[in-house]
Amino acid sequence: MTDLFAGSWRFVLSAPNVTSLPAEGPLEVAFAGRSNVGKSSLINALVGQSGLARTSNTPGRTQSLNFFVPDQNQADEETLPPIVLVDLPGYGFAKAPKNAIEAWTRLIRRYLSGRATLKRVFVLVDARHGLKAGDLDMLTMLDRAAVSYQVVLTKGDKIKPPALTRLTGETEAAIAKRPAAYPQVLATSSNKAIGLDELRRTISDLI
Ligand code: GDP
C-alpha cells in the first residue's frame, strides 16, 4: 500500500449534529480528548499540514465532528478513500452549559454506537496531567459502546523523558482491565515530533 501519510489530506465535512453524520463507508479512526489536549496539533503533525485541523477551539463554540481523507489521484476518485480521520469535539470544559454537554454526549454516543467501520478511537491525554475524570468517563463510554480505543499521551516534550516513560507504564497499568482498551499507550509530542511515526504506522496497520 502506498504511504498513507506521504501525500496531502483534505477536509471532507463537519457534522454538528446527529442528522448530519455521514453514512458508514470507508474505515475510520477517530481522535478524542479534553479541549486543549493538543488534538488539532497532533492531527496536523501526523499529516504534515499545519492548517488541516483547526487549533484553539473556543469554549462554548458549536462542537462538530470533522472528517478528513487523503487526497486521491484522479484515477482513484471513484474509489473509497482507504481511511478517514475523524476529529471528535473536545470535552471537559468546566464551565460548559448543561445543554451543551448533553448535546455533546448525544452526538458522540450516536456516532460511536454500532459504527462497524470505526476501527479505533485514539484518546488523547495530556502528559502533564495523566488520566483525569473526564478521560475516564470517555474510556467508560467507549468500553460500553465496545469501540476499540488506544490512549495517546500528548505534549510529551513538556515533561522529562524518564517521567514520560513512567507515565506511559502507569497509564498502561491503569487501563489494563478495561475491556475495549488496546494495551499499549503511545507517547507523543507534536512540537518535537516524538512518537508520530509510530502513530502513523499504527493507523496504517489498521487498514
Ligand atoms: P485541541 O484543543 O485539543 O485541538 O488543542 P490544540 O492542538 O489547539 O493545542 C492546545 C495548546 O497546546 C496550543 O497552545 C498548542 O500550541 C499546545 N500544544 C499542542 N501540542 C503540543 C506539543 O506537542 N507540545 C507542546 N509543548 N505544546 C503543544
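The values are calculated or read from the model by the stated rules, or taken from the named source; none is laboratory data. On a predicted model such as this, the values are computed, not experimentally measured, just so you know. Counting neighbours? That spans all protein chains shown, and the Cβs are built from the backbone with ideal geometry, glycine included.
Against the test of being away from the ligand (no atom under 16 Å from the Cβ), modelled with pLDDT under 95 and outside any loop (DSSP other than H, G, I, E, B), the options A6, A75, A23 yield a single qualifying residue, A75. Condition test on T55, is it surrounded by 13 or more Cβ atoms within 10 Å (Cβ to Cβ) and at pLDDT below 95? Yes.
When D143, D135, D197, D157 are screened for being within 14 Å of the ligand (Cβ to nearest atom), surrounded by fewer than 19 Cβ atoms within 10 Å (Cβ to Cβ), assigned to a helix (DSSP H, G or I) and at pLDDT 95 or above, only D157 passes. Only one of the listed residues (R128, R178, R166) is within 16 Å of the ligand (Cβ to nearest atom), more than 14 Å from the chain's Cα centre (by Cα) and either without any contact (Cβ under 8 Å) to a residue 40 or more places away in the chain or assigned to a loop (DSSP other than H, G, I, E, B) (or both). That residue is R128.
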